[in-house]
1. Each label point is 7 Å from the Cα along the Cα-to-Cβ direction; what then is the distance between the points at His166 and Arg101, in nm?
2. Can you list residues from other chains, or at least 5 along the same chain, whose modelled amide H is less than 5 Å from the amide H of Leu119?
3. Listed highest first by mean packing, meaning other Cβ atoms within 10 Å per residue, what order do 54-66, 87-99, 120-132 come in?
4. Take the alpha carbon atoms of the range 97-156, find their radius of gyration, then divide it by 2.2 N^0.38 Å using N residues; give the quotient.
5. Distance in nm between label sites at Thr80 and Asp59, each 7 Å beyond Cα in the beta-carbon direction?
6. Using a probe radius of 1.4 Å on heavy atoms only, what accessible surface per residue do you get for the range 88-127? Whole Å² is fine.
7. Give me the Kirkwood hydrodynamic radius of the range 125-168 in Å, from all C-alpha pairs, to one decimal place?
8. What distance in nm separates the simple spin-label points at Asn66 and Thr146, each placed 7 Å from Cα in the Cβ direction?
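The values are calculated or read from the model by the stated rules, or taken from the named source; none is laboratory data. All values reported here derive from a predicted model rather than from experimental measurement. Note that each Cβ is placed from the backbone with ideal geometry, even for glycine, and that neighbours are counted across all protein chains shown. We work out accessible area using only protein heavy atoms, side chains counted, and drop any ligands, DNA or RNA first. Shrake-Rupley method; radii C 1.70, N 1.55, O 1.52, S 1.80 Å.
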Amino acid sequence: MDSHRPLGHQSSSDGRAIMLRRIPGVVMVLVIVACASQMGSIGGFRSSSDPAAIKAVFDTTAAGWNRGELPVYLSAYVDTATAMGSTGLVRGVSGIEAQMRAGFWRTGRPLQNLSYDHLEIRSIGPDQAIATGQYILTGGGRPDRTGWFTTIWVRTPRGWRMVQDHSS
């Protein structure tokens, strides 16, 4: 300390030196804050209503299925969707429709009513999501059938649609 200066007084050069020593710490804090805010948006939905919009598509598919309207059920898929089922990989909505007609719709109508349970929708990007849950088929004089599914969704001009469906 300079003995010619009053106590508590710093020269302007000392003040600049202290400020310069603090800049790396301030910059580091700003970088951390910026990264943290970006990490929150990576994998996050664009809107808090996106999970509800995907759930609404599930509700529409079940209602269409239960009314015997297979095109309503199939409207949840993009045209190039793929599905994994008991026979393996099926490509496109027409392939998924053929698989449904060969199995669950043999009589031209659904053999049982469809509902979903344990539905969980998770963002994997602002325009992509994974939905998991349980499908439940009941009624029709048949034993109930349940299984688990994982579906991958994308935001399209028509709203949220499935690009991949893996049900077991």
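1. The modelled label-to-label distance comes out at 2.8 nm.
2. Placed amide hydrogens put Gln134 under 5 Å from Leu119.
3. With the highest mean Cβ count within 10 Å placed first, the list reads 54-66, 120-132, 87-99.
4. For the range 97-156, the normalised Cα radius of gyration is 1.36.
5. About 3.1 nm, to one decimal.
6. Result: 57 Å² per residue.
7. In the range 125-168 this quantity evaluates to 11.9 Å.
8. Modelled inter-label distance: 1.7 nm.
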